[in-house]
Amino acid sequence: FLAITYDDLDILATRMADVYPLIRELLAFWLRNSRRWTSLRCKIFLRTDIFHAEELAFTDSSKLRPLSVTLRWNADNLYRLVLKRLLNGEEGPEWKKFLAPKIKKTRLKERKPWGTIPDTEESDHRAFMGLIVGEWMGSDRRRGETYRWFLNHLQDSRGDIAPRSFLKLFESSARLQLEKGLPSTTHLLAPEQIAGALTEVSQDRINELKEEYAWIGEIGRRLKDQTVPMERAEFRKLIRGLNWEKLPELLRDKSDPPDRLIDYLVSLGILRETADRRIHVPDIYLFGFGLKRKGGIRRPRV
């Protein structure tokens, strides 16, 4: 068997209008030939918004749906990723000793050539966070459980979390903690440094978005210093003067571009709209956009 993999297809051309025909023909080609070539396998990685775009439709394209899989990282995947990085780094043996009281040795399997692979579950990950930070993001449960805090503050409006952001929050928190000095407790990270690092992680996530959607930067400039939640009509006013020529064709070629853009940002998980048509922005994008939240807690400065 031979597997052929395609990735980064969204950068085949400088304009998305030129990218869609290329991807459309690629998908059609493999759909036509997948049954003929029994020893050839194809894997095509596409952003969800591109896969669902109207511009990608072709004859029999509906047959792609049963053949597709949505890749999502759940909570256990993310915590295993962090553990794997720690256990296979330069201080891996020290981490094994540190985790030993809470995570059974049988949960940390050695598999060549990949090193230590965590076969852990939620109870192990809660114990891990208890060792690193403590059970709560403060003196009691009012500030939130540490295990859930990382997940809640890094997810977009669809509930998805970028693994890079998850790792980055641990990394930035550790760097800030080293700069401030180790906590006075037996834990490695203080909640204050984690809350402060969230701003930095949010800014990084916005920069990552700009690589895929260059026009996000212009939207960010119009949102800076605004407060959410806000009414949909207020959001429309903020974006009405955008240079629509810089936005994807699917947003320009239809009526009422502001509303189409809002709906598009909701579909990407960047915005969330409530039943009463108020716009919210998840924390992972909120601070990167320079937005404020009504009644929000002032964040530590990074």
Among the residues of segment 56-85, which ones are under 15 Å from Phe150 (Cβ atoms) and either in a helix (DSSP H, G or I) or touching a residue at least 40 places away in the same chain (Cβ under 8 Å) (or both)?
Trp73, Ala75, Asp76, Asn77, Leu78, Tyr79, Arg80, Leu81, Val82, Leu83, Arg85
Which numbered condition trips up Ile132, out of (1) over 30 Å from Glu273 (Cβ atoms); (2) in contact with a His (Cβ under 9 Å, 6 or more places away or on another chain); (3) buried (at least 20 other Cβ atoms within 10 Å of the Cβ)?
(3)
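Looking only at helices (runs of 4 or more DSSP H) that lie completely in segment 191-285, which have at least 1 residues being touching a Lys or Arg at 6+ places or on another chain (Cβ under 6 Å) and farther than 30 Å from Ser173 by Cβ?
Working: elements: 191-212, 216-223, 232-239, 249-252, 257-267.
In segment 191-285, the matching helices (runs of 4 or more DSSP H) lie at 232-239, 249-252, 257-267.
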Return the residues of segment 235-252 that are open to solvent by 80 Å² or more (accessible area, probe 1.4 Å), over 15 Å from Ala214 (Cα atoms) and out of contact with any helix residue (DSSP H, G or I) (no Cβ under 6 Å at 6 or more places or on another chain); say none if nothing qualifies.
Lys237
Name every residue in segment 72-85 that is touching a Pro at 6+ places or on another chain (Cβ under 9 Å) and open to solvent by 80 Å² or more (accessible area, probe 1.4 Å), in order of residue number.
Trp73
Inside segment 201-214, can you point out the residues that are open to solvent by 30 Å² or more (accessible area, probe 1.4 Å) and modelled with pLDDT of 90 or more?
Gln203, Asp204, Arg205, Asn207, Glu208
So, first residue over 13 Å from Leu188 (Cα atoms) in segment 154-177, second residue among the hydroxyl-bearing types (Ser, Thr, Tyr) and part of a helix (DSSP H, G or I), Cβ within less than 6 Å, six or more apart or across chains; the pairs are Leu154/Ser165
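Name the single residue, out of those in segment 86-127 being part of a helix (DSSP H, G or I), open to solvent by less than 40 Å² (accessible area, probe 1.4 Å) and over 13 Å from Phe166 (Cβ atoms), that is modelled with the lowest pLDDT. Give the steps one after another, and end with the answer.
Filtering segment 86-127 for residues part of a helix (DSSP H, G or I) gives 86-87, 92-99, 105-107, 122-127.
Still in the running and open to solvent by less than 40 Å² (accessible area, probe 1.4 Å): 87, 92, 99, 124-125, 127.
Cutting the leftovers down to over 13 Å from Phe166 (Cβ atoms) gives us 87, 92, 99, 124, 127.
Values: Leu87: 96, Gly92: 92, Leu99: 95, Asp124: 97, Ala127: 96.
Checked segment 86-127; the qualifying residue modelled with the lowest pLDDT is Gly92.
I need the full set of residues from segment 178-190 which are free of Cβ contacts under 8 Å to residues at least 12 places away in the same chain and not in a helix (DSSP H, G or I), in order please.
Initial filter on segment 178-190 (free of Cβ contacts under 8 Å to residues at least 12 places away in the same chain): 178-179, 181-184, 186.
Within segment 178-190, Gly181, Leu182, Pro183, Ser184, Thr186 qualify.
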Here the residues within segment 31-48 that are of a type outside the set (Ser, Thr, Tyr) and out of contact with any Phe, Trp or Tyr (no Cβ under 8 Å at 6 or more places or on another chain) are Leu31, Arg32, Asn33, Arg35, Arg36, Trp37, Leu46, Arg47
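The values are calculated or read from the model by the stated rules, or taken from the named source; none is laboratory data. These numbers come from a predicted model, not from an experiment. Reconstructed Cβ throughout: ideal geometry from the backbone, glycine too, with neighbour counts over all protein chains shown. We work out accessible area using only protein heavy atoms, side chains counted, and drop any ligands, DNA or RNA first. Shrake-Rupley method; radii C 1.70, N 1.55, O 1.52, S 1.80 Å.
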